[in-house]
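Engineer: Take this structure first; my questions come after.
Readers should treat all values here as calculations from the given coordinates under stated rules, not as data from a laboratory. All values reported here derive from a predicted model rather than from experimental measurement. Every residue, glycine among them, receives a Cβ derived from its backbone with ideal geometry; neighbour counts consider all protein chains shown.
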Amino acid sequence: MRVRNWLIVNVLLLAGLRRGELMLLECRALKSDIDADTGDLIYWLDVTTTTELDPRHSAPSIKTAPSHRQVPVSGTPLQHDR
């Protein structure tokens, strides 16, 4: 539970996600590709709505319809002190 909470706080702060965007993230939202200019591996999060019905009382959503975005994330893993 502590690791999950630590990860949630870091994603919110470091990626600048809103609470509803975080709750919409799925494992497949993390994308990677090779930067054509530098040849480096880059990562990003695809933040978008889902077509699946959400059973939660207050279903998560993005702020507005045009809020679909790609948020760059670092390829360097964060350290969690246990």
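Engineer: Being under 20 Å from Ala59 (Cα atoms) and either acidic (Asp, Glu) or over 8 Å from the mean Cα position of the chain (by Cα) (or both) is the filter here; which residues of the stretch 17-34 pass it?
Structural biologist: Residues satisfying the conditions are Arg18, Arg19, Gly20, Glu21, Met23, Leu24, Glu26, Cys27, Arg28.
Engineer: Among the residues of the stretch 57-76, count how many are under 29 Å from Ile34 (Cα atoms) and in contact (Cβ under 8 Å) with a residue 12 or more places away in the chain.
Structural biologist: 10
Engineer: Sticking with this one: Just give me the residues in the stretch 9-22 being closer than 18 Å to Ser74 by Cα and loosely packed, with under 15 Cβ neighbours inside 10 Å, in sequence order.
Structural biologist: Val9, Asn10, Leu12, Leu13, Leu14, Gly16
Engineer: Let me ask something else. Take the residues in the stretch 35-63 that are closer than 20 Å to Ser74 by Cβ and of a type in the set (Asp, Glu); name whichever of them is nearest to the chain's Cα centre (by Cα).
Structural biologist: Looking at the filtered set, the residue picked out is Asp46.
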